[in-house]
Amino acid sequence: MLKNLGDYFTAQFKKIMPDAFVFALVLTLIVALLATLFVEASPIELIDSWYKGFWVLLEFGMQMSLLIVTGYAIALSPFIDQKIESWSAHIKSPNQVYLSVAIFGLLLSFVSWGWVVIAAVFGRKLALKV
């Protein structure tokens, strides 16, 4: 019954929810209209600013993607895998898993937030083990 109810609401939501591109387009038009009304800028200057901002965000997004991918590659490296195995040998209960993954992730996030992926791999290995 609960599955049928979930399927019904999912189908209804998919019917009325627009695509993400529609949101991006509508928000772009709203911001362009507000900028035209409240900022001393021509439509050409607004389009130029939008274009430059797009490439800055694209560059930032690629940097963040690279950070996550390299963090995952480091997490799967043989050296880190051996260390994770040796650290996980001492953990026996679920409460120890929660605490150790939280502390491990906190310490790794001080180095780089991309390294938190190592904590996720550590948590996955502990979940399979405990």
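The values are calculated or read from the model by the stated rules, or taken from the named source; none is laboratory data. Values in this document were obtained by computation on a predicted structure and should not be read as measured data. So basically every Cβ, Gly included, is an ideal-geometry build from the backbone, and we count neighbours across all protein chains shown.
Those helices (runs of 4 or more DSSP H) of region 1-105 in which 1 or more residues are among the β-branched types (Val, Ile, Thr) and in contact with a helix residue (DSSP H, G or I) (Cβ under 7 Å, 6 or more places away or on another chain) occupy 20-38, 43-75, 78-88. When we screen Leu67, Leu25, Leu57 for residues that are surrounded by 12 or more Cβ atoms within 10 Å (Cβ to Cβ) and in the same structural domain as Gly114 (by the TED database), the only hit is Leu67.
Every test in (1) modelled with pLDDT under 90; (2) in a helix (DSSP H, G or I) is passed by Ala119 save one, and that test is (1).
So that you can scan it fast, the table gives a plain yes or no per residue for (1) surrounded by 12 or more Cβ atoms within 10 Å (Cβ to Cβ); (2) touching a strand residue (DSSP E or B) at 6+ places or on another chain (Cβ under 6 Å); (3) without any contact (Cβ under 8 Å) to a residue 40 or more places away in the chain; (4) not aliphatic (A, V, I, L, M):
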| position | (1), (2), (3), (4) |
| --- | --- |
| Gln82 | no, no, yes, yes |
| Lys92 | no, no, yes, yes |
| Gln96 | yes, no, yes, yes |
| Ser100 | yes, no, yes, yes |
| Gly105 | yes, no, yes, yes |
| Val116 | yes, no, no, no |
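Of the residues making up region 91-106, not a single one is under 23 Å from Met62 (Cβ atoms) and in contact with a Gly (Cβ under 6 Å, 6 or more places away or on another chain).
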